[in-house]
Amino acid sequence: MLERLVRWSLENRVAVYAIALLLTAFGAWTAMRTPVDVLPDLTAPTVTVVVDAGGYTPTEVEQRITIPLETALNGAPGLRRIRSNSATGLAVVTMEYDWSTEPEQARRVTAERLQTATDELPDDVPPPHMTPASSVMGEIMFVAMRSDTASPMELKSTADWIVRRRVMSVPGIAEVMTIGGDERQVQLLVDPARLSARGIGLNQVVEAMSSASANQSAGVVVENGQELLIEGVGRAATAEEFGNVVVGETGGLPVLAREVGEIRIGEGLKRGTGAFNGEPAVILAIQKQPGANTLELTDRLDTVFAEIQRTLPEGMVLETQVFRQSDFIQRSVDNVTTALIEGLVLVAIIVFIFLVSWRATAVALAAIPVSVVSAIIVINSGGGTINTMTLGGLAIALGMLVDDAIIVVENVVRRLRLEREKPEGERESDIKVVAAATSEVQGAIIFATLIILLVFLPIFGLTGIEGRLLQPLALAYGVSLLASLAVALTLTPALSYDLLSRKPEDIGNEPKWVIRMKSWYDGVLSRWLDRWKVLAIASLVMVGAAGIGIALAGRSFLPEFNEGSLTVNVTTLPGTSLEDSDRAASEVEAALLSQPEVLTTARRTGRAPGDPHAQEVFASEIEATLAEDGRDREELVSALRGAVGAVPGVQAIFGQPIGHRIDHILSGARANIAIKVFAPDTDTLQTITTQVESAVSSIPGAVDVQKDTQSRVPYLRVRLRRADLANYGLAVEDVTGAIQAAIAGAEVGQLVERPVITDVVVRYDPAQYNDAGQMENMLLAAPDGQLLPLAAVADVVRDQGPNAITRESVERMQLVMANVSGRDLGAVVEDVESALEGIDLPQGSHIELGGQFESAASATRTLLALGLIVLVGMFLLLRQAFRSSNDAALVMINLPLALVGGVVGLWLTGGVLSVATIVGFITLFGIATRNGVMMVTHIKHLQEVEGVSDLAEAVRRGAEERLVPILMTAISAGLALVPLAIAMGEPGSEIQAPMAIVILCGLTSSTVLNMLVLPAIYLKVTRDGWGVGRLRDRIQRGDDSTVTKPEPAS
């Protein structure tokens, strides 16, 4: 069938050219439409449920909201883990589904279960809601809004009601969170003395104000055949109108709101601040929708921000060059694309050097564009993106995309040259020569390609984030390689006939340096062909050394990315006020900006309204944008740790935006290692985590070691006395509602001044209760109109309680986090495990380790298990190809020979075995096997087709005649990887560069040893068998002196 395909291609060359051109044009058009991103979508199917719990304490949030939600949501189909955080006034429940679950299905299942959970929640909290769908790389841009003239309140209102609304209207935007400035409120600041003088309680004021401002539709009336809409207009149009609301009466006279307090425009309760380069600002964190093209979306946002800037009040400035994921994407894609182009040039040069014919070079290189666009078409049809992994797959495959074509072209050129040497009357037609030359090698290239594809199958067995990351690379590599095989059997012979067979000068003569190289190689091979023992022993020693090298190598999950920015998580002591936390975080910003490589910083302290991230007021997150030049990342981060360490009372964890989010997906912590302590109560958690933190801090290589922010903080508890409440006719909710209104404020309505909508709040003047001792004097109104202080029905006592409660898998949990620096992840984890063994755990508690190493171990186990199956599959495939188990086993000798150089490459990249380098070894094994297939196939062809009867002669000729194509394909594949290897440490090359170095070094050792060891071992095994030939001969001659025959069974 394949011979017919080759013949059809030669006879229908115009159709083949047309198909190739159309495919290339369609692929180029598809490439321009395919989204571009830095990495594949690594988002786990995750749904986050948020409940705004008003003034509830963390304990109340846990008991009344979080646990009922967990109970309802737990057991959902495909749910693999449920995490929750109960903070002051906020419950966040995160559901993580299996990686195979579609995001839409996960949200649908969650929504169905939320319907049953709502009935179990308190009446005074709003229904739970799911946050917008986003991705691990969804936070694409930070924008700072600052002003030297506008007030913080004006800045915040403009950001919320003008800038945010305009950005949310851009297609592809999922959410815009604003933090910083002051929230605008219409406030009635009630004076307790005035309330007391008029005999009115705060709860009466709240009730009156709640019904004081509203519009009401009343249907329609018909007049003269025309409908008139009826609307009762009672909504206040100005803040001053709320002062005229009647809140009670004294002596038969109405009491107005302005008579019991002050109506003003003031700032709301602040739980977060923002800063840009250390100066107060409003920070806008912009998240994209899954699947949105980051580069296109950023370009649209730049246009939108330019339009908004022209309409902003004078003095307000939008800083858009704060954090931009598109910068990292563009640099990464440009770097990999450059490596791809440079590799293509190097491949073209090496092919031309060997063939000394621009026509033959053009024929071989024609495979590249068709193969590349074929991969892009498949990626696009599967909903994928053009990213550093898909481009890396193409870059790694680049040298191999021409391999099949090179083998065909080299054989065609060799056969045409041989045909030209014959008398003119004995020559075959050129079309027959091209067809025969192609058919001669088609079996070898097909089986070689299938073997390379086979060794990549384990990557498709990876689950989790490692599968999401590496499978696009394997897909791009595999599809392009299949396309190159199709090209070698169709387009290459057609082009060979049209470009190489018209004139003798089209194919030229074999270069003299190639002739000399073949002659030199023949001499070397002749000397070593019978010295198989020396070669075998030397190979075994090198393979043994390689095995030791792998055993001594460190372990890691993924190499560190070079994102060009840092994420610094800063915490002060739990219980620290927002003002003090903001001050400490400002000092950290100043320390960061003191380093010349730090260009800008954007800080978010505390939590933005509506933000699902339950960050406490004593915690800050700083995004620092770095200059492209300067110190390397390790040196810079070390200097930053020293600078930040000089700021008193703070702890910091350094990471990078995408790296932090990957860590969070893997373990729930934004650090390389997450130690999870489970215990039934806060005190036990604190005791154990303190021991763990102390133990881990002393481990070399463990940096940024700290507990999460759970701790016991001061409480002011109001303990109601039920007997006294009964005496005064008060209900519990009357008192607790009044307390909440007095301190936190009670929202009683809205002031609509389009486009701005301002909340109306009733509360006591903060100045009245800035001292906890004044709480006892708060006035309450009894049902009979009597006013009484809070102390009459309650005791106000100082106590302690948790500031937040974290749960995982329905158990209370606290994290101890650590990053790794100066050592490999695996070594540090081993030391951590040893340190944890020395901690005595009370009953009901346990410790789990999570983080990158967990995924690394899982990926390694999967690849090793599937790798063994693939080895068996390779052997069976080779046996099918050669019809010989001996030949199949001989070809597989190349695998350990490739391992030798691969291990050298591993240590050149730092001696750490990661998922990236493991994939490099996988790729290497496929390429190395290909060289063996080429040689053994040609040796058998010489014996079976060309009638070479002498085995040693067939081996020598087979090795010599395959020398050029093997060297060409190996050097092409190697040189194509050189630009990627040189780009080690550059953005976008973090994963591909270690992979490329392993392949490059392994390919070198495999090719060199393949040309010496394989011919010698092949000759020995084919002639004498695997060391048992003499024994077999003795048995056949009947000489059994050395053989003990078994006794016959009785």
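Sum up the charges of everything whose Cβ sits under 15 Å from the Cβ of T917, counting Lys and Arg as +1 and Asp and Glu as -1, but leave T917 out.
Here the charged neighbours net out to -3.
Which cross-chain or sequence-distant (5 or more) residues have an amide H under 5 Å from the amide H of T576, H modelled 1.01 Å from N in plane?
none
In what sequence do T298, T687 fall when counting other Cβ within 10 Å, fewest first?
Numbers: T298 21, T687 14.
Fewest-to-most Cβ neighbours within 10 Å comes out as T687, T298.
For the ranges 546-559, 917-930, what's the packing order if you count other beta-carbon atoms within 10 Å of each residue, average per peptide, and put the highest first? Write down the numbers at each step before the final one.
On the way: 546-559: 17.8, 917-930: 27.4.
Those peptides, ordered most packed to least, come out 917-930, 546-559.
How big is the dipole moment of the range 199-347 about its Cα centre under a simple scheme where the beta carbon of each Lys and Arg is +1, that of each Asp and Glu is -1, and everything else is neutral? Debye, nearest 20, please.
400 debye
Show me the ranking of peptides 838-844, 641-647, 733-739, 720-726 by mean Cβ neighbours inside 10 Å, starting with the highest.
Packing proxy ranking, top to bottom: 733-739, 641-647, 720-726, 838-844.
Cβ neighbours within 10 Å, averaged per peptide: list 433-443, 113-123 in order, most packed at the top. It would help to have the intermediate numbers written out before the result.
Numbers: 433-443: 21.8, 113-123: 13.8.
Answer by packing, highest mean first, reads 433-443, 113-123.
Which entries in K512/K1020; K422/K512; K940/K1020; K288/K676 show an alpha-carbon gap greater than 25 Å?
Long pairs (Cα-Cα over 25 Å): K512/K1020; K288/K676.
Could you tell me which residue out of A608, V588, A643 lies farthest along the dipole of the range 565-655 toward its positive end? Charges go on the beta carbon: Lys and Arg +1, Asp and Glu -1, centred on the Cα centre.
After comparing all options, I get A608.
Expressed as cubic angstrom per residue, what is the convex hull volume of the alpha carbon set of the chain?
263 Å³
Please give the calculated 222 nm ellipticity per residue for the chain, where each DSSP H segment of at least 4 residues contributes -39500 (n - 2.57) and the sum is spread over every residue; nearest 500 deg cm²/dmol?
Counting only the DSSP helices, I get -17000 deg cm²/dmol.
Ranking S147, S620, S381 by Cβ neighbours within 10 Å, fewest first, what do you get? Spell out each step's value before the answer.
On the way: S147 20, S620 29, S381 10.
The order, fewest Cβ neighbours first, is S381, S147, S620.
Taking Cα atoms, how many degrees apart are the long axis of helix 578-593 and the longest axis of the chain, rounded to 10 and kept between 0 and 90?
Approximately 30 degrees, to the nearest ten.
Straight-line reach from K518: which aspartates and glutamates have Cα under 18 Å away, leaving out those fewer than 8 places along the same chain?
Those aspartates and glutamates meeting the cut-off are E410, E510, E953, E960, E961.
When only Cα pairs under 8 Å and 6 or more residues apart are kept, what is the percent relative contact order across the chain?
Relative contact order here is 17 percent.
Per residue and in cubic angstrom, what volume does the convex hull of the Cα atoms of the range 210-289 have? Each step should come with its number before you reach the end.
Working: hull volume 19.6 nm³, N = 80.
Dividing the Cα hull volume of the range 210-289 by its residue count gives 245 Å³.
Calculate how steeply helix 103-117 sits against the longest principal axis of the alpha-carbon atoms of the chain, using the helix alpha-carbon long axis, and give the answer as 0 to 90 degrees to the nearest 10.
30 degrees
Rounded to whole Å and ordered largest first, report the semi-axes of the equivalent ellipsoid of the range 44-132 derived from its Cα gyration tensor (root of 5λ).
Values: eigenvalues 101, 29, 22 Å².
Semi-axes from the Cα gyration tensor: 23, 12, 11 Å.
If you fit an axis through the alpha-carbon atoms of helix 682-697 and take the longest principal axis of the Cα set of the chain, what angle between them do you get, 0 to 90°, nearest 10?
Taking Cα atoms only, the helix is inclined about 40 degrees.
Where nothing but the Cβ of Lys and Arg (+1) and of Asp and Glu (-1) is charged, how large is the charge dipole of the range 44-132 around its Cα centre, in debye to the nearest 20? All intermediate terms of the calculation are to be shown ahead of the outcome.
Working: 7 positive and 13 negative charges, 61 e Å.
The calculated dipole for the range 44-132 is roughly 300 debye.
Can you give the Rg to Rh ratio of the range 565-655, both from alpha-carbon atoms, with Rh computed by the Kirkwood formula?
Ratio of gyration radius to Kirkwood radius: 0.98.
Mind checking the dipole of the chain: about its Cα centre, +1 per Lys or Arg Cβ, -1 per Asp or Glu Cβ, Debye to the nearest 20?
For this selection, approximately 4480 debye.
So, counting K/R as plus one and D/E as minus one, what does the shell of residues with Cβ under 12 Å around L825 add up to?
-4
By counting other Cβ atoms within 10 Å of each Cβ, how are T490, T605 ranked from fewest to most?
T490, T605
Give the residue from T59, N74, P103 lying farthest towards the positive end of the charge dipole for the range 44-132; charges sit on Cβ (+1 for Lys and Arg, -1 for Asp and Glu) and the dipole is referred to the Cα centre.
P103
Read-outs throughout are calculated quantities, based only on the coordinates presented, and are distinct from any laboratory measurement. Treat the numbers as computed from the prediction; the structure is a model and nothing was measured. For neighbour counting, all protein chains shown are included, and Cβ atoms are generated from backbone atoms with ideal geometry for every residue, glycine included.
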